[in-house]
Amino acid sequence: MALQDYKDIIATVATIVTIIQFLSGIDICRKIIKQGSTGDISGFPFVGGVFSTSTWLTYSLLLWDASMSITNAVGLTLQVIYLCTYVRYCIASGPWRTVRRQMLVTTLVVAAIQYYVFLSDDENETIKTRIGLMCCLGSIIFCASPLVSLAEVFRTRSTDMLPFPLIFATFLVSGLWWLYGIIIQNSFVKYPNLIGFGLSGFQLFLFIVYPNKRKVSGVTGHPEIR
């Protein structure tokens, strides 16, 4: 059977798995709340998530694609909640200034996109093309956001600071939406997800090369959870 015959199945599975991926942020937020601060956790994945889901939601509404619209509406809601949680527990001045700048830039860009979509005089196809390009950028940023910790991974030879659930979910989701992009013959859906599939696959490979390292107590012999 042709891949087209599996369109509805792949769309449904991609939607479910993507929402599960978005829920993986709960684990990161739980860690932040438990330790009472953001610590060395970067807020960029949440900021990138807000940008990515908001632009994809706009694009999917332009395409009248129900699966993509539902997925990104749920994703945007969750990413905003995660970002608010991060801001609430971001008590160090350095990370707070960084995430504040990121939020400001993201807000301005998203506002400009919405202004262009709803108030510009360009033809609908032109708008779709340009917003599609923005979606590509947003997807690559979201998938590559854990890479900001790569220098620390190579320095410590440990992947302890990388969010494994998020990366693994991104690997699955990117692969599914890549197939969906092939089915609907949309390059803006297909190629960024192919890149995301490759980037997340590389990050998963790092967990094999540099496994998590946890300090071991000399008294009890049990791992010390940080």
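The values are calculated or read from the model by the stated rules, or taken from the named source; none is laboratory data. Just so we're clear, the structure is a prediction, and the values are computed from it rather than from any experiment. Reconstructed Cβ throughout: ideal geometry from the backbone, glycine too, with neighbour counts over all protein chains shown. Calculation scope for accessible area: heavy atoms of the full protein, side chains included, ligands and nucleic acids excluded. Shrake-Rupley method; radii C 1.70, N 1.55, O 1.52, S 1.80 Å.
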Open item on the list: Sort Leu179, Leu61 by heavy-atom solvent-accessible area, probe 1.4 angstrom, most to least.
Closed with: Leu61, Leu179
Task: Between helix 7-23 and the chain: long-axis angle, C-alpha atoms, 0 to 90°, nearest 10 - done: 40
Task: Size of electric dipole in segment 45-129: Cβ of Lys, Arg +1 and of Asp, Glu -1, about Cα centre, debye, nearest 20 - done: 680
TODO: Consider a paramagnetic label point 7 Å from the Cα of Gln4 along Cα→Cβ; state which residues of segment 166-207 have an amide N under 20 Å from it.
DONE: 177-191
Open item on the list: Please list Ser42, Ser174 from largest to smallest accessible area, probe radius 1.4 Å, with all protein chains kept in place.
Closed with: Ser42, Ser174
TODO: Taking the Cα centre of the chain as origin, work out the dipole magnitude from +1 charges on Lys and Arg Cβ and -1 charges on Asp and Glu Cβ, in debye rounded to 20.
DONE: 1080
Open item on the list: How large is the accessible surface of Phe202 in square angstrom, using a 1.4 angstrom probe and rounding to the nearest 10?
Closed with: 90
TODO: Would you mind calculating the relative contact order of the chain from Cα pairs under 8 angstrom and at least 6 residues apart, reporting the percent as a whole number?
DONE: 25
- [ ] Name the residue farthest towards the positive end of the dipole of the chain from the options Ile127, Cys90, Gly198, assuming +1 on Cβ of Lys and Arg, -1 on Cβ of Asp and Glu, about the Cα centre.
- [x] Cys90
Open item on the list: For the chain, what is the number of Lys pairs with C-alpha distance below 26 angstrom, counting only pairs 8 or more positions apart or on separate chains?
Closed with: 7
